[in-house]
Amino acid sequence: RYLFEATWRKDGSSVFGEKVRWAIFPSAAVGWAFSEEDFMENWSWLNFGKFRVSWGRSGQQFGQPYLAHGVMVPYQTFLGQTTIYPSPTGGMINRRLTWEESDQYDFGLDIDLFNYRLKFKLDYYYKLTKGLLYNVPLSGNWNFMTSQWQNAMKVSNEGLEMEVEA
């Protein structure tokens, strides 16, 4: 009749700077099967009904493995040896680059009617992703570096989903 679930994770990745390598990703969900309550006995057309609420946080690491440590490129050859130089397209090193984190909320209703002949699900969700990577232009020109990757953007999505099965 009453449902509860919780999880807790701690993840780490070497693509981030040493001080921001680890992050915690919790989640929780609760539900109430109201059709199991005593006051619902007279509703013979309702076979099952449940309210659901959940929240969770997840993390995404970026695809370029050395972005937080500096990207080097071949520069020129001197006495038969190739020298390397920080990549101008990689931008200035940012050892604080960290996880892109998403918080997602979900509110739902499940109903089964008429001896399970009609099923109905309704969900509202909201997702906020913050810390998205963006190559921020820098003012001036420091050692030919004109930009730096930063966790500088966020985006949100929300929607309503409905499912009917007969």
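The values are calculated or read from the model by the stated rules, or taken from the named source; none is laboratory data. It should be emphasised that the depicted structure is a prediction, and the values quoted were computed from it without experimental measurement. Methodologically, a virtual Cβ is constructed for each residue, glycine included, from the backbone with ideal geometry; neighbour enumeration extends over all protein chains shown. These accessible areas exclude ligands, DNA and RNA; they are computed on the full protein's heavy atoms, side chains included. Shrake-Rupley method; radii C 1.70, N 1.55, O 1.52, S 1.80 Å.
Under the combined filter of DSSP loop state and at most 12 neighbouring Cβ atoms within 10 Å, the stretch 1-40 retains these trypsin sites (Lys or Arg not before Pro): Arg1.
Using the average count of surrounding beta-carbon atoms within 10 Å as a protection proxy, the listed peptides 114-122, 129-137 rank, highest first, as 129-137, 114-122. Take the Cβ-Cβ distance between Lys10 and Leu138 as r, set R0 to 35 Å, and report the resulting FRET efficiency rounded to the nearest 0.05. Between Lys10 and Leu138 the formula returns 0.55.
When the surface is traced with a 1.4 Å probe over the full set of protein chains, Glu5 keeps roughly 110 Å² accessible. Enter the accessible area per residue of the stretch 1-66 (Å², integer; probe 1.4 Å; all protein chains in place). Per-residue accessible area for the stretch 1-66 comes out at 71 Å².
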